[in-house]
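*Asks:* Below are the structure tokens for one structure; questions will follow.
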Amino acid sequence: MTPLVTDTTQNILQHWREAVPNDRLAHLIRDTERAFRRALQLRLAAHDVPFGHWAFLRILWERDGLTQKELSEQAGVMEPTTFAAMKVMEERGYIERRQLPTNRKNIYVYLTRSGRALKKKLVPLAEDSNRISIHGLSHSDLLTARKVMLTMIENLAADEVAKNAK
């Protein structure tokens, strides 16, 4: 018989419910993000797609032909991380990297037909993870959660701007 949750998840839940129910939200959000990541990671693995490629694919599905630097910035990772991922993604046939004749300095990343086709397979996996995560929550709860998280992002961004202005 398979347990409803893993020991790790059970420990996290116990930690939040019993040990530190009033701990900082940042820690709770981090644990939530880890659970989301793990749920999607398991689904992507079934299609032999590393989780590290997910962010880059999502970005390229929306805007193909970015430079590696632009991809790094949008994904929020360092350029060496992007370079390594692009190398593997190119080997797998998901992308191709090109220099433009007018700009030999920058390397532009383009999805291949195979990379574009992954969208139809992989996006439903992410949607499935999201659907599972909201089970038992009302529409009103979801709207509130979304509003709260967006407000937190805005507040932290404003704080960053204020700190950088000093």
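*Asks:* Measure up LYS121/LYS147; LYS87/LYS120; LYS69/LYS147; LYS87/LYS163; LYS87/LYS119 against 28 Å on the Cα-Cα distance and list the ones that go over. Spell out each step's value before the answer.
*Replies:* Values: LYS121/LYS147 30 Å; LYS87/LYS120 23 Å; LYS69/LYS147 31 Å; LYS87/LYS163 37 Å; LYS87/LYS119 20 Å.
Distance filter (> 28 Å) returns LYS121/LYS147; LYS69/LYS147; LYS87/LYS163.
*Asks:* Something else now. DSSP H helices in the chain with Cα extent of 15 Å or more along the helix axis and mean Kyte-Doolittle hydropathy at least 0.0?
*Replies:* 51-62, 139-165
*Asks:* Which order do the peptides 137-143, 82-88 come out in when sorted by mean C-beta neighbours inside 10 angstrom, highest first?
*Replies:* 82-88, 137-143
*Asks:* Ranked highest first by the average count of other Cβ atoms within 10 Å around their residues, in what order do 91-103, 110-122 fall? Working shown, then result.
*Replies:* Working: 91-103: 13.2, 110-122: 15.0.
Result, highest mean first: 110-122, 91-103.
*Asks:* What are the extents of the Cα atoms of the range 40-166 along their three principal axes, listed from largest to smallest and rounded to whole Å?
*Replies:* 51, 47, 20
Laboratory data are not the source of any read-out in this text; all were calculated from the coordinates shown. Note that this is a predicted model, so its numbers are computed, not measured. Cβ atoms come from the backbone with ideal geometry, glycine included; neighbour counts cover every protein chain shown.
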